[in-house]
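Data first, discussion second: the structure below is written as C-alpha coordinates.
The values are calculated or read from the model by the stated rules, or taken from the named source; none is laboratory data. This is a predicted model, so every value here is computed, not measured. Positions of Cβ are generated from backbone atoms using ideal geometry, with glycine treated the same way; all protein chains shown enter the neighbour counts. To get the accessible areas, we keep the full protein, side chains included, count just its heavy atoms, and leave off ligands, DNA and RNA. Shrake-Rupley method; radii C 1.70, N 1.55, O 1.52, S 1.80 Å.
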Amino acid sequence: MNENAVSGTAVGNLTTTRGTVGYAFSLVDGVDDNGFFRISGNTLLLNVSPDFESKGSYAIVVRNSDQGGAWTSTPLAVTVIDINESPTDIALSPAAI
(Lines give C-alpha, C1' and ligand atoms only; values in the text may rest on other atoms or scores of the structure.)
Protein backbone atom coordinates (compact mmCIF):
# COMPACT_ATOMS: atom_id res chain seq x y z
CA MET A 1 0.00 0.00 0.00
CA ASN A 2 1.17 3.53 -0.62
CA GLU A 3 2.36 5.72 2.21
CA ASN A 4 -0.13 8.47 3.17
CA ALA A 5 -3.14 6.65 1.69
CA VAL A 6 -6.29 7.88 3.45
CA SER A 7 -8.33 5.88 5.93
CA GLY A 8 -10.82 3.70 4.09
CA THR A 9 -8.49 2.99 1.15
CA ALA A 10 -8.69 -0.59 -0.10
CA VAL A 11 -5.42 -2.44 0.49
CA GLY A 12 -6.49 -5.57 -1.39
CA ASN A 13 -9.08 -8.28 -1.82
CA LEU A 14 -9.05 -11.45 0.26
CA THR A 15 -9.74 -14.78 -1.43
CA THR A 16 -9.91 -18.41 -0.44
CA THR A 17 -8.98 -21.45 -2.52
CA ARG A 18 -12.41 -22.96 -1.85
CA GLY A 19 -14.40 -20.30 -3.70
CA THR A 20 -16.14 -17.19 -2.47
CA VAL A 21 -19.65 -18.34 -1.54
CA GLY A 22 -20.34 -19.01 2.13
CA TYR A 23 -17.06 -17.68 3.50
CA ALA A 24 -16.43 -14.72 5.79
CA PHE A 25 -13.19 -12.94 6.55
CA SER A 26 -12.29 -11.25 9.84
CA LEU A 27 -9.22 -9.98 11.65
CA VAL A 28 -8.03 -12.09 14.58
CA ASP A 29 -8.36 -10.37 17.99
CA GLY A 30 -5.20 -9.68 19.94
CA VAL A 31 -2.88 -9.08 16.98
CA ASP A 32 -1.33 -5.61 17.44
CA ASP A 33 -1.18 -4.54 13.78
CA ASN A 34 -4.73 -5.71 13.03
CA GLY A 35 -6.03 -2.45 14.57
CA PHE A 36 -4.65 -0.52 11.60
CA PHE A 37 -7.09 -2.34 9.27
CA ARG A 38 -10.71 -3.46 8.90
CA ILE A 39 -12.48 -5.86 6.56
CA SER A 40 -15.63 -5.16 4.56
CA GLY A 41 -16.83 -8.27 2.74
CA ASN A 42 -13.63 -9.59 1.21
CA THR A 43 -11.80 -6.23 1.04
CA LEU A 44 -9.02 -5.25 3.44
CA LEU A 45 -9.28 -1.52 4.23
CA LEU A 46 -7.07 0.97 6.05
CA ASN A 47 -8.18 2.39 9.41
CA VAL A 48 -5.36 4.95 9.50
CA SER A 49 -3.06 6.66 7.01
CA PRO A 50 0.27 4.75 6.93
CA ASP A 51 3.59 6.56 7.30
CA PHE A 52 6.61 4.66 5.94
CA GLU A 53 9.03 6.55 8.19
CA SER A 54 7.08 5.40 11.28
CA LYS A 55 6.26 1.84 10.21
CA GLY A 56 7.32 0.20 6.94
CA SER A 57 5.25 -2.99 7.23
CA TYR A 58 2.40 -4.52 9.19
CA ALA A 59 1.93 -8.12 10.35
CA ILE A 60 -1.76 -9.07 10.43
CA VAL A 61 -3.70 -12.29 10.88
CA VAL A 62 -6.89 -12.91 8.89
CA ARG A 63 -9.44 -15.59 9.75
CA ASN A 64 -11.50 -17.27 7.04
CA SER A 65 -14.68 -18.96 8.34
CA ASP A 66 -17.29 -21.04 6.53
CA GLN A 67 -20.98 -21.44 7.28
CA GLY A 68 -20.38 -24.75 9.04
CA GLY A 69 -18.11 -23.15 11.65
CA ALA A 70 -14.80 -24.38 10.24
CA TRP A 71 -12.08 -21.75 10.04
CA THR A 72 -8.43 -21.15 9.32
CA SER A 73 -6.18 -18.22 10.23
CA THR A 74 -3.45 -16.92 7.94
CA PRO A 75 -0.68 -14.45 8.82
CA LEU A 76 -0.13 -11.78 6.16
CA ALA A 77 2.44 -9.04 5.71
CA VAL A 78 1.32 -5.65 4.38
CA THR A 79 4.18 -3.49 3.08
CA VAL A 80 4.11 0.32 2.96
CA ILE A 81 5.57 1.87 -0.20
CA ASP A 82 7.71 4.92 0.56
CA ILE A 83 6.49 7.97 -1.40
CA ASN A 84 8.84 10.89 -2.12
CA GLU A 85 7.28 13.67 -0.05
CA SER A 86 7.86 17.37 -0.61
CA PRO A 87 9.70 19.15 2.24
CA THR A 88 7.42 21.02 4.62
CA ASP A 89 9.99 23.46 6.00
CA ILE A 90 13.47 24.64 5.14
CA ALA A 91 15.69 26.51 7.58
CA LEU A 92 19.03 28.22 6.95
CA SER A 93 21.43 28.58 9.81
CA PRO A 94 23.14 31.00 10.05
CA ALA A 95 20.75 33.21 8.09
CA ALA A 96 23.49 35.65 7.05
CA ILE A 97 26.33 34.87 4.68
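Say we join alpha carbon atoms closer than 10 Å with springs in a Gaussian network model of the chain; which of ILE83, ILE60, ILE39 then has the biggest fluctuation?
Between ILE83, ILE60, ILE39, it is ILE83 that shows the largest mean-square fluctuation.
Here are a few candidate values for Rg and Dmax of the Cα atoms in Å: (i) 14.3, 46; (ii) 18.7, 76; (iii) 13.4, 39. Which one was actually calculated from the structure I just gave you?
Step by step, Rg and Dmax of the Cα atoms in Å for this structure corresponds to label (ii).
Would you mind getting the accessible area per residue of the chain, heavy atoms of the protein chains only, 1.4 Å probe, in Å²?
Computed with neighbouring chains in place, this is 68 Å² per residue.
Leaving ligands and nucleic acids out of the surface, order TYR58, TYR23 by accessible area at 1.4 Å, largest first.
If we order TYR58, TYR23 from most to least accessible, we get TYR23, TYR58.
Would you please give the residues with an amide H less than 5 Å from that of VAL31, counting only those at least 5 places away or on a separate chain, with H modeled from the backbone geometry?
Residues meeting the amide H criterion: none.
Mind listing the phi-derived Karplus ³J(HN,Hα) values for the stretch 76-89, rounded to whole Hz, using 6.51, -1.76 and 1.60 with θ = phi - 60°, and x for any glycine or proline?
Values per residue, Gly and Pro as x: 10, 10, 10, 9, 8, 8, 5, 9, 5, 9, 5, x, 9, 7 Hz.
Let me check against my output: what whole-number percent is the relative contact order of the chain, with C-alpha pairs under 8 Å and at least 6 apart?
31 percent.
Answer with one residue from TYR58, LEU92, LEU44: the one whose Cα lies farthest towards the positive end of the charge dipole of the stretch 37-97, charges on Cβ with Lys, Arg +1 and Asp, Glu -1.
Comparing the listed Cα positions along the dipole, LEU44 ranks first.
Hey, any idea what % of the chain's accessible area is carbon plus sulfur with a 1.4 Å probe?
Result for the chain: 52 percent of the exposed heavy-atom area is carbon or sulfur.
Taking 0.36 nm per residue of sequence separation and subtracting the Cα-Cα distance, how much length would be gained by fully extending the chain between VAL28 and ASN13, in nm to one decimal?
Full extension from VAL28 to ASN13 adds 3.7 nm.
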